[in-house]
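The values are calculated or read from the model by the stated rules, or taken from the named source; none is laboratory data. As the structure is a computational prediction, the values presented were derived from the model and not from experiment. Counting neighbours? That spans all protein chains shown, and the Cβs are built from the backbone with ideal geometry, glycine included. These area figures cover heavy atoms from the full protein model, side chains too; ligands, DNA and RNA do not enter into them. Shrake-Rupley method; radii C 1.70, N 1.55, O 1.52, S 1.80 Å.
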Amino acid sequence: MALPTYASPLERAWHYAYLAICVLVFVFLIAPILVIVPLSFNAEPYFTYTEKMLSFDPEGYSLRWYDSLLTSGMQAAEALRDGAWWSDLWHNADWVKAAKNSVIIGFWATILSTVLGTLAALGLARPEMPWRRTIMAILISPMIVPIIIVATGMFFFYSNPCAIVGMECGRLTSTYTGVILAHAALGIPFVIITVTATMSGFDQSLIRASASLGANPRRTFFKVVMPLILPGVISGGLFAFVTSFDEVVAVLFIAGPDQQTIPRQMWSGIREQISPAILAVATILVIISIALLTTVEILRRRSERLRGVAAH
């Protein structure tokens, strides 16, 4: 934004100082992410920039660590890359199995948290809802309470869910169901917050107008309410998916060997054998995060246009 011609020297100095501070804060936040991207192409097994990399020598760069993401754990990684090789990759590669688990768990956790979070937000948006602030505080507590405490509580609860009523039943630990439920519980607060923010600008008279025209509550919801809050619902779902895709603490407590996700695979790789392949995974996750954040921003602008608010 350009300064007006009548701005005083002090105002101009503060304007440029403010811009410099913003640039420094941006660099401080983004620099650690930008550093790892070139290192993921390092031809040497080091976590530092080599002389060839600094001199932009093509021999200093390689895709070997991205290739290792595919071949790690395969039974015949050096075989001809035919149909049998790709089958071996799909069933045995460690990082591929972790990626499949992350997508499957994230998908179902997102569906569950989006449905439950949207229903909760719709109830909390009603002015006649009693104890709204207390209920809201309880529902968003998983994102406020330290994750180690939440994961510990989930571990003991999922070990015997029926213990609360004095009964014995099957445990949910080391199962896909348990991990999905845990990730859904962590994603619900994000859905509630985004949908509630969308509902804050919702005109309740539209519901009354729909009812006066003879529409039942179900038709009113799908034809009037849902199209207007859909950007918020999708944004909340994306945040829930990112939360599930990035979560590691609850997975360490609840998941078994068969539910190994990408963050847990990275954790194991850091503890057992440090390899620049982790930097390659981190770079891929950064690209996925940028794509999701871009989608959220597009949905936010669409939501503002639907509500008649000027986008900034």
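Overview of values
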quantity	calculated
Amide hydrogen neighbours beyond the local backbone of Asn42, cut-off 5 Å, H modeled	Ser62
For the chain, built as a Gaussian network whose Cα springs stay under 10 Å, the top-fluctuating residue of Asp203, Asp82, Asp94	Asp82
Global size of region 9-88 as Cα Rg and Dmax, reported in angstrom	21.5, 72
Kyte-Doolittle at least -1.0, axis length at least 30 Å by Cα - qualifying DSSP helices, the chain	9-39, 94-124, 176-199, 277-306
Nearest-20 debye value, the chain charge dipole, Cβ charges on Lys, Arg, Asp, Glu	1580 debye
Cysteines in the chain lacking a second Cys C-beta under 4.7 Å	Cys22
Estimated 222 nm signal from helices in the chain, with DSSP H stretches of n ≥ 4 weighted -39500 (n - 2.57), rounded to 500	-22000 deg cm²/dmol
Candidates per chymotrypsin sites (Phe, Trp or Tyr not before Pro) in region 102-194, loop by DSSP, up to 12 other Cβ within 10 Å	Trp131
Spherically averaged projected area in nm², based on the convex hull that wraps the Cα atoms of region 94-306	14.1 nm²
Table column - 3J(HN,Hα) (Hz), region 43-50, Karplus curve with 6.51, -1.76, 1.60, x for Gly and Pro	6, 9, x, 10, 9, 10, 6, 7
Relative pair counts by distance (%), Cα atoms of region 125-214, 5 Å bins	3, 11, 15, 16, 15, 12, 10, 7, 6, 5, 1
Within a Gaussian network of the chain (alpha carbon springs, distance under 10 Å), most fluctuating of Thr134, Thr294, Thr118	Thr134
Residue of Leu19, Leu34, Leu206 that the Gaussian network model of the chain assigns the largest fluctuation, springs spanning Cα pairs under 10 Å	Leu19
Rg/Rg_globular for region 169-219, with Rg_globular taken as 2.2 N^0.38 Å and Rg from C-alpha atoms	1.89
DSSP loop GluC sites (Glu not before Pro) with at most 10 other Cβ within 10 Å excluded, longest remaining stretch of the chain	169-312
Accessible-area composition of the chain, carbon plus sulfur, in percent [1.4 Å probe]	70 percent
Per residue, in Å², the accessible surface of the chain once ligands and nucleic acids are set aside, probe 1.4 Å	61 Å²
